[in-house]
1. Quick one: divide the alpha-carbon radius of gyration of the range 1-49 by 2.2 N^0.38 Å and tell me what you get.
2. Compute the long axis of helix 124-139 from its Cα atoms, compare it with the longest principal axis of the Cα atoms of the chain, and write down the angle in degrees, 0 to 90, nearest 10.
3. Test of understanding: what is the full-extension gain from Asp65 to Arg103, defined as 0.36 nm times their sequence separation minus their Cα-Cα distance?
4. If the viscosity is 0.890 mPa s and the temperature 25 °C, what Stokes-Einstein diffusion coefficient in µm²/s follows for the range 152-284 when Rh is the Kirkwood radius over Cα pairs?
5. Compute the relative contact order of the chain as a whole-number percentage, counting only Cα pairs closer than 8 Å that sit 6 or more residues apart in sequence.
6. When the chain is treated as a GNM, springs tying every alpha-carbon pair under 10 Å, which of Gly172, Gly110, Gly25 comes out with the largest mean-square fluctuation?
7. How are the C-alpha pair distances of the chain spread across 5 Å bins, as whole percents from the shortest bin up?
8. What dipole magnitude, in Debye to the nearest 20, does the range 59-152 give about its Cα centre under +1 on Lys/Arg Cβ and -1 on Asp/Glu Cβ?
Amino acid sequence: MQTGTTTTKVQMAVASARSAGNRIGCVPTMGALHAGHKSLIERAAQEADFVVVTIFVNPTQFGPDEDFGSYPRTLEEDLEICVQAGADFVFHPSNGVIYEENRQVQLCVGELARRWEGESRPGHFDGVATIVAKLFNIVLPDIAIFGQKDYQQLAIIKSLCRDLNFPVEIIGCPTVREEDGLALSSRNAYLSEKQRAHATVLYRALCLAEKLVQDAQLSLKEIREKMLELLVSESGVIPEYATIVDPNTLEMLDERQQEMVVLIAAKVGETRLIDNREIFQQVG
Ligand code: PAF
């Protein structure tokens, strides 16, 4: 596996792989890699011949009071995981390589970025869209892999490719969970042992929603209330939203439909966690 911190180095490696007829896959990450990221890299290695993992803690997607400074940076361990998962190149640039001091242009995502995560984290998805567009322009991948755990991010990246004509196929991969259901996240590292146990309530609330949707006794509004009740019943957990939405528009649903997604965000102590679950139902 090769590594590099400059755009020239990654571009030369990709150009050489492409000229040998290889399909290029990209897995953008912010590092602090775990088994969830490993599964994304493994999937990329199945779908493409030359896999570039990018590791860059992107400052423009963090709000002023968020955890940019303390976000875990674990490059040595990350490189080990990349080797095991079958990456061919790890691009880990510094901030100065990615962002010009005098930069003038950035992307601004529409309605899709303003609800749910966007409401609590204004500007977050503009930063995500901008960095993903920049990484795609540097790496020029044929495919790119993202986790379904960040459901709204995945929807926005698909819109980015469609609306700005990036010729990149976006593949979403299932969330990897601990045995007790907790979704893997780099931010789980912030949780104490007690908080870690309380955090499983997010998964339990998703399962409750799925069961109640399928039982068809309660309205979606009542199911949202049941999820919130369960979340607040867990010590130290403050829910931000627990909702059932359309998978494409992410608009809140009043009535059941064939495909739905449950979205949850909650603070466990000081740590903000998100999770989601797709629900499929025969309607009518
Ligand atoms: O999901 C992430 O780790 C980041 O938001 C991404 C897509 C790598 C952009 O910085």
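1. Relative to the rule-of-thumb radius for its length, the range 1-49 sits at 1.23.
2. Its long axis makes an angle of about 30 degrees.
3. Extra length from Asp65 to Arg103 when fully extended: 11.4 nm.
4. Values: Rh = 15.8 Å.
So the translational diffusion coefficient is about 155 µm²/s.
5. On the way: 494 pairs, mean separation 46.5, N = 284.
After rounding, I find 16 percent.
6. For the chain, modelled as a Gaussian network with Cα springs under 10 Å, the answer is Gly110.
7. Taking all Cα pairs of the chain, the binned fractions are 1, 5, 12, 15, 18, 17, 13, 9, 6, 3, 1, 0 percent.
8. On the way: 7 positive and 16 negative charges, 64 e Å.
Dipole about the Cα centre, nearest 20: 300 debye.
None of the figures in this text is laboratory data; all of them are computed from the coordinates on show. Being a predicted model, the structure only gives us computed values, none of them experimental. Here Cβ is always computed from backbone atoms with ideal geometry, including for glycine, and neighbour counts include all displayed protein chains.
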